[in-house]
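The values are calculated or read from the model by the stated rules, or taken from the named source; none is laboratory data. Note that this is a predicted model, so its numbers are computed, not measured. When we count neighbours, we look across all protein chains shown, and the Cβ atoms used for this are built from the backbone with ideal geometry, even at glycine.
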Amino acid sequence: MSTPASAVQISAAQKAMVLGQDLPFWYPINVALTANQTGVQGTVTMDNDADFELRELLATSTGIFSVTLIDRYTSRPMMTAPINNLNMFGTAQLPFILPIPYTLLRTATLAVTFNDLSAAPNTIQLAFWGYKKFGR
């Protein structure tokens, strides 16, 4: 006997899509840099199911670093020069909240160029937090 379709478990993304709601979501990037390593590329591609409204920037690392962000979908640099992580990212307790949310379109790629400033091995995780926008 088969299970009726209404009894089948569906994912949170599917529920949000059906209800036209926004879904809180994190896109992480993880890199490991050697001492004073520069120009290391990291990317994250937005899922195809919805546009992503970027609201907060978070980071953890074992040392200081700088980054440059580029929205590859629109070829739009999000800064003119590398910015020190202490000036750009917050923590999980105190995230950096963007004054105006930035929308990354579905399948857009956010490219990040990392530069180590700590003169020691550096393990970094960036988290881009926001909402998948299903109601659009």
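Working only within region 32-80, note down all residues that are hydrophobic (A, V, I, L, M, F, W, C) and over 11 Å from the mean Cα position of the chain (by Cα). Walk me through it before giving the result.
Going residue by residue through region 32-80, those that are hydrophobic (A, V, I, L, M, F, W, C) are 32-33, 35, 40, 44, 46, 50, 52, 54, 57-59, 64-65, 67, 69-70, 78-79.
Result: Ala32, Leu33, Ala35, Val40, Ala50, Ile64, Phe65, Val67, Ile70, Met78, Met79.
For region 81-115, residues that are under 15 Å from the mean Cα position of the chain (by Cα), farther than 19 Å from Asp22 by Cβ and β-branched (Val, Ile, Thr) total 4. Across region 81-127, the number of residues qualifying as touching a Ser or Thr at 6+ places or on another chain (Cβ under 7 Å), over 16 Å from Ile64 (Cβ atoms) and polar (S, T, N, Q) comes to 2.
Among the residues examined, Met17 qualifies as on the phi < 0 side of the Ramachandran plot, crowded, with 16+ Cβ neighbours inside 10 Å and modelled with pLDDT under 95. Restricting attention to region 104-118, the residues that are among the β-branched types (Val, Ile, Thr), exposed (fewer than 15 other Cβ atoms within 10 Å of the Cβ) and on the phi < 0 side of the Ramachandran plot total 1. Here Ile64 fits the description: touching a helix residue (DSSP H, G or I) at 6+ places or on another chain (Cβ under 9 Å), at negative phi and without any contact (Cβ under 8 Å) to a residue 60 or more places away in the chain.
In this structure, does Leu58 turn out to be within 19 Å of Thr34 (Cβ to Cβ) and either surrounded by 16 or more Cβ atoms within 10 Å (Cβ to Cβ) or at pLDDT 95 or above (or both)?
no
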